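The values are calculated or read from the model by the stated rules, or taken from the named source; none is laboratory data. Since this is a predicted model, take the numbers as computed values, not measurements. Backbone-built Cβ (ideal geometry, glycine too); neighbour counts: all protein chains shown.
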């Protein structure tokens, strides 16, 4: 692997929002990096912002929903040609609001086993495999319900 010390580090909070056994995903708009690819909603952490606070802010701004992160999953580090990206995924409890694609080309609620049929950025591939595995979402639903 090449030296990453010269690359900027980008911290990204991701929300794994589960409702009725489905996961919320959005498609990136034309002109965005990775345009046309699907993603878990979230975005770049602002200076001094925790990843959990980033997830709350970004999901309200991007999808019009209030969420409460209830469990952090392992951070994912990935080197892209122009940046070192660290993804901070959180299982989130949907608190309020009806999801709308405010800053995405479109959004969908999809069954976990359908996730591999959507194209995600390379850094997300391992996470998508985990989310689509049998039993993961049942555990996430139980976790979110217990945190209510």
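Tabulated values for the structure
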quantity: Evaluation of residue 9 against (1) exposed (fewer than 14 other Cβ atoms within 10 Å of the Cβ); (2) under 13 Å from the mean Cα position of the chain (by Cα); (3) touching a residue at least 60 places away in the same chain (Cβ under 8 Å) (one fails), failing number; calculated: (2)
quantity: Segment 15-40, residues that are surrounded by 23 or more Cβ atoms within 10 Å (Cβ to Cβ) and not in a strand (DSSP E or B); calculated: 40
quantity: Residue count, segment 46-60 (criterion: in contact with a strand residue (DSSP E or B) (Cβ under 7 Å, 6 or more places away or on another chain) and either on the phi > 0 side of the Ramachandran plot or in contact (Cβ under 8 Å) with a residue 24 or more places away in the chain (or both)); calculated: 7
quantity: Pairs, first more than 21 Å from residue 73 (Cβ to Cβ) in segment 16-33, second at pLDDT below 90 and exposed (fewer than 14 other Cβ atoms within 10 Å of the Cβ), C-beta under 6 Å, six or more apart; calculated: 28/35
quantity: Filter result for the condition that a residue is part of a helix (DSSP H, G or I) and at pLDDT below 95, over 100, 125, 93; calculated: 125
quantity: Residue 113 vs. criteria free of Cβ contacts under 8 Å to residues at least 60 places away in the same chain, exposed (fewer than 15 other Cβ atoms within 10 Å of the Cβ) and in contact with a helix residue (DSSP H, G or I) (Cβ under 6 Å, 6 or more places away or on another chain); calculated: yes
quantity: Checking residue 62 against (1) within 22 Å of residue 131 (Cβ to Cβ); (2) over 13 Å from the mean Cα position of the chain (by Cα), the condition it does not meet; calculated: (2)
quantity: Residue 55 being part of a helix (DSSP H, G or I) and surrounded by 14 or more Cβ atoms within 10 Å (Cβ to Cβ); calculated: yes
quantity: Residue list for segment 31-46, filter: at pLDDT 95 or above and more than 14 Å from the chain's Cα centre (by Cα); calculated: 46
quantity: Condition broken by residue 87, with the remaining ones in (1) more than 14 Å from residue 17 (Cβ to Cβ); (2) surrounded by fewer than 15 Cβ atoms within 10 Å (Cβ to Cβ); (3) modelled with pLDDT of 95 or more satisfied; calculated: (2)
quantity: Test: residue in segment 61-81 that is part of a helix (DSSP H, G or I), touching a residue at least 12 places away in the same chain (Cβ under 8 Å) and either touching a helix residue (DSSP H, G or I) at 6+ places or on another chain (Cβ under 7 Å) or surrounded by fewer than 18 Cβ atoms within 10 Å (Cβ to Cβ) (or both); calculated: yes
